1. Can you tell me which residue in segment 296-324 is nearest to ligand 1 (Cβ to nearest atom), limited to those that are of a type in the set (Gly, Ala, Ser) and open to solvent by less than 20 Å² (accessible area, probe 1.4 Å)?
2. State yes or no: is Ala160 free of Cβ contacts under 8 Å to residues at least 60 places away in the same chain, part of a helix (DSSP H, G or I) and buried (at least 22 other Cβ atoms within 10 Å of the Cβ)?
3. Can you report the number of residues in segment 208-225 which are surrounded by fewer than 18 Cβ atoms within 10 Å (Cβ to Cβ) and in contact with a helix residue (DSSP H, G or I) (Cβ under 7 Å, 6 or more places away or on another chain)?
4. Give Ile188, Ile199 a once-over and let me know the one that is open to solvent by less than 20 Å² (accessible area, probe 1.4 Å) and within 16 Å of ligand 1 (Cβ to nearest atom).
5. Within segment 55-66, which residues are within 11 Å of Ile320 (Cβ to Cβ) and within 10 Å of ligand 2 (Cβ to nearest atom)?
6. Please enumerate the residues belonging to segment 68-108 that are within 13 Å of ligand 2 (Cβ to nearest atom) and of a type in the set (A, V, I, L, M).
7. All but one of (1) farther than 23 Å from Ser353 by Cβ; (2) touching a strand residue (DSSP E or B) at 6+ places or on another chain (Cβ under 9 Å); (3) away from ligand 1 (no atom under 16 Å from the Cβ) hold for Ile179, so report the exception by its number.
8. Exactly one condition in (1) surrounded by fewer than 23 Cβ atoms within 10 Å (Cβ to Cβ); (2) more than 16 Å from ligand 2 (Cβ to nearest atom); (3) among the small types (Gly, Ala, Ser); (4) within 25 Å of Tyr87 (Cβ to Cβ) is not met by Ala268; state its number.
Amino acid sequence: MDLESIGAKLVRGERLSPEDGLYLYEKAPLEWLRDRADAVRRSRHGEEAYFNRNIHFEPTNKCVYACKFCAFYRPPKATEAEGAWDYSFEDLKKKLDAYPVGSLTEIHITGGVHPDRGVEYGEALCAFVKEQRPELHVKAFTAVEITYFAKKSGVSLEEALGRLKRAGLDSLPGGGAEIFDPEVRRKIAGGKAPAHTWIEVHEAAHKLGLLSNATMLYGHVESYAHRIDHMLRLRDLQDRTGGFKAFIPLRYRNESNALSHLPEVPAAEDLRNYAVARLFLDNIPHLKAYWVMLGLDLAAQSLDFGVDDLDGTVDDTTRIYSMAGGMAHPAVTSGELGRIIRSRGRIPVERDSEYEKIP
Ligand code: V47
Ligand code: SF4
């Protein structure tokens with residue numbers, strides 16, 4: 001195996017094997033990866049790069065789990081003085097009311113896994129958003145939250161998803177995937193839904209017509225082989241269902257958590273990872289650089305390494321990254337996202353949550 005034979009496969013539009021993927025992570029020069037990933041990206045999306053106008057809502061940071069990388073969670077009995085929050089539907093209404101109709105297209109809802117909440121809570125929350133703002137796409141609840149809802153309410157994953165969909169859920173975010181390998185998962189996220197359950201939730205969602213995203217948390221204790229294994233499991237599921245819209249690699253940030261002794265990977269590693277993801281995951285259409293995690297400069301650079309989507313305006317409504325060492329108040333206007341995209345010679349396109357262009 002060498003770069004020439006992998007390059008020839010890419011030219012022929014042939015799928016890369018796990019061995020090819022590993023070789024690219026370990027041996028390919030960054031410029032080589034950039035040029036190949038950029039060519040594949042261009043063949044799918046031309047010169048266009050996407051963004052949307054969204055906010056996040058994180059109902060609570062109280063969580064029955066204690067993932068080692070997580071700076072956001074607090075134990076369920078924690079008080080406000082200890083940094084815990086638990087917003088009411090009235091609080092959510094106030095947040096929504098701050099945005100005039102037409103200024104947003106999506107709300108992204110995810111948070112800690114509250115011990116008392118089952119699927120009834122998820123249904124009520126989706127229905128409340130739809131009642132307040134029927135025009136918003138509700139992308140809500142990771143597979144980990146949905147697994148807990150189902151267990152708490154004593155229903156199957158299919159039933160939980162069906163009920164959430166009927167209440168107003170439109171799609172699932174990609175969180176909770178972390179790294180699928182059981183040994184790594186045990187070390188960093190022991191206790192929460194295992195890989196096969198995460199996959200089952202997304203498979204069941206896709207079968208119900210709910211689209212979803214997939215993430216990968218990298219740059220902590222995993223190896224390149226673990227990243228390839230993770231993407232292979234996603235690629236296999238996507239072959240079965242076609243329900244993933246975007247893949248979102250998330251670099252481990254090391255502030256205020258139980259793994260703070262681990263250094264963060266350098267920017268070149270983020271770019272390498274985007275490029276390999278674009279080349280290896282040949283069946284997930286969009287590769288998203290979540291600028292909140294990367295910062296705007298690196299997010300702009302990532303557009304040259306296979307990325308075609310920068311996520312949304314966010315408007316300082318998420319604390320998952322700010323608490324872990326990301327930007328303190330993550331917010332940009334759609335104009336700023338447009339300027340960043342144009343700075344890399346690309347055409348900014350506002351999209352809805354299913355990647356339809358908004359004129
Ligand atoms: O699953 C938590 C990650 C995820 C840290 O679907 C951390 O459009 C790095 O999934 N360092 C939640 N990462 C966020 C998420 C997401 C974000 C944006 C868009 C979408 C989408 C999904 O955040 C968790 C976990 O992997 N995370 N703590 C940390 N210290
Ligand atoms: Fe809880 Fe999610 Fe943080 Fe894990 S990553 S501790 S499940 S909030």
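1. Ala324
2. yes
3. The number of residues fulfilling the criteria is 4.
4. Ile188
5. Glu58, Asn61
6. Within segment 68-108, Ala71, Ala78, Ala84 qualify.
7. (3)
8. All conditions pass for Ala268, except number (4).
The values are calculated or read from the model by the stated rules, or taken from the named source; none is laboratory data. Given the structure is predicted, the values throughout are model-derived calculations rather than measurements. Every residue, glycine as well, gets a Cβ built from its backbone with ideal geometry; the counts of neighbours run over all protein chains shown. The accessibility values were calculated without ligands, DNA or RNA, using every heavy atom of the protein model including side chains. Shrake-Rupley method; radii C 1.70, N 1.55, O 1.52, S 1.80 Å.
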